[in-house]
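The values are calculated or read from the model by the stated rules, or taken from the named source; none is laboratory data. In this text the structure is predicted, and so the values were computed from the model without any measurement. Reconstructed Cβ throughout: ideal geometry from the backbone, glycine too, with neighbour counts over all protein chains shown. Areas reflect the complete protein model, heavy atoms only, side chains present, ligands, DNA and RNA absent. Shrake-Rupley method; radii C 1.70, N 1.55, O 1.52, S 1.80 Å.
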Amino acid sequence: MAENSDPLRPASLTLMGSPIDARLAPTVTNKLAEERPFTWFKSHMIYTVPPPYGGALRRVYPGFVQLYSFMSMNAEAHQNAHWRYFADLVKGDGDSADKHREFYDEYLSVLDLSEEFYLQTVDEVFQRHLLPKGEMVHRGRRIDPAAMTDIGLMTVEGERDDISGVGQTQAAHALCVNTPDAWRELYVQPEVGHYGVFNGRRFVDEIYPRVRRFIARRDAAL
């Protein structure tokens, strides 16, 4: 859109917990993608949706596999959370127990991903790193972040993110070399992991207000 001077191009772009350059600050997720060949992901992580469920016979990366992967990375933290939940129930602390249930009602609601989307992401983002290398192509055109000259750029990362390590998202600033410094913001939220970048008290109280202010400031300058 920037290359085409599209009149509908956005005033600003906010990237949150995104593996723009997954080679930086590699996490367990990144290392797994590097260690396994592409064919391993296709044969071990993709399953067929069985009848009579919606999407029967489609090939997907199942939600339950994603969930197992997420929870196994922080198994001790989840175990402790459930022990605290049990203790809260015993004490009759309904408020704390309700917060636990609310969190896990959302955390455990994981959708299947289509085979095409998942495998393309593994290949282009986590194995070949096409975007930071300047080799990513969309609809026959090479993506050139340097073409952004009047679009604000904000990046948000979590200090404890073990999915997209600190540095992977802010790598966008090095790619968007022609974005004016006045329209950049780089923010690392203390004491949150990947999920906390998008959800929870610190998102509501600290991250969202910053994002909202950045978007409003850029909009007001137009």
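Numerical summary
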{"item": "Enumeration of residues in the range 165-202 that are under 22 Å from LEU131 (Cα atoms), free of Cβ contacts under 8 Å to residues at least 40 places away in the same chain, hydrophobic (A, V, I, L, M, F, W, C) and open to solvent by less than 50 Å² (accessible area, probe 1.4 Å)", "result": "CYS176"}
{"item": "Qualifying positions in the range 44-70 - in contact with a Ser or Thr (Cβ under 7 Å, 6 or more places away or on another chain) and either open to solvent by less than 40 Å² (accessible area, probe 1.4 Å) or without any contact (Cβ under 8 Å) to a residue 12 or more places away in the chain (or both)", "result": "LEU57, VAL60"}
{"item": "Some residue of the range 144-151 being in contact (Cβ under 8 Å) with a residue 60 or more places away in the chain, in contact with a strand residue (DSSP E or B) (Cβ under 8 Å, 6 or more places away or on another chain) and part of a loop (DSSP other than H, G, I, E, B)", "result": "yes"}
{"item": "Residues that are in contact (Cβ under 8 Å) with a residue 24 or more places away in the chain and not in a helix (DSSP H, G or I), drawn from the range 83-108", "result": "LEU108"}
{"item": "Scope the range 1-43; condition without any contact (Cβ under 8 Å) to a residue 12 or more places away in the chain, open to solvent by 80 Å² or more (accessible area, probe 1.4 Å) and closer than 18 Å to MET73 by Cα; matching residues", "result": "LYS31, GLU35, ARG36"}
{"item": "Residue within the range 55-72 that is assigned to a loop (DSSP other than H, G, I, E, B) and touching a helix residue (DSSP H, G or I) at 6+ places or on another chain (Cβ under 6 Å) present", "result": "no"}
{"item": "Any hit, the range 73-82, residues being in contact with a helix residue (DSSP H, G or I) (Cβ under 9 Å, 6 or more places away or on another chain), part of a helix (DSSP H, G or I) and either open to solvent by 100 Å² or more (accessible area, probe 1.4 Å) or touching a residue at least 40 places away in the same chain (Cβ under 8 Å) (or both)", "result": "yes"}
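Let's see how each residue does on (1) under 23 Å from PRO145 (Cα atoms); (2) at pLDDT 95 or above; (3) among the aromatic types (Phe, Trp, Tyr):
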{"position": "ALA22", "(1), (2), (3)": "yes, yes, no"}
{"position": "THR27", "(1), (2), (3)": "no, no, no"}
{"position": "LYS31", "(1), (2), (3)": "no, no, no"}
{"position": "PHE38", "(1), (2), (3)": "no, yes, yes"}
{"position": "MET45", "(1), (2), (3)": "no, yes, no"}
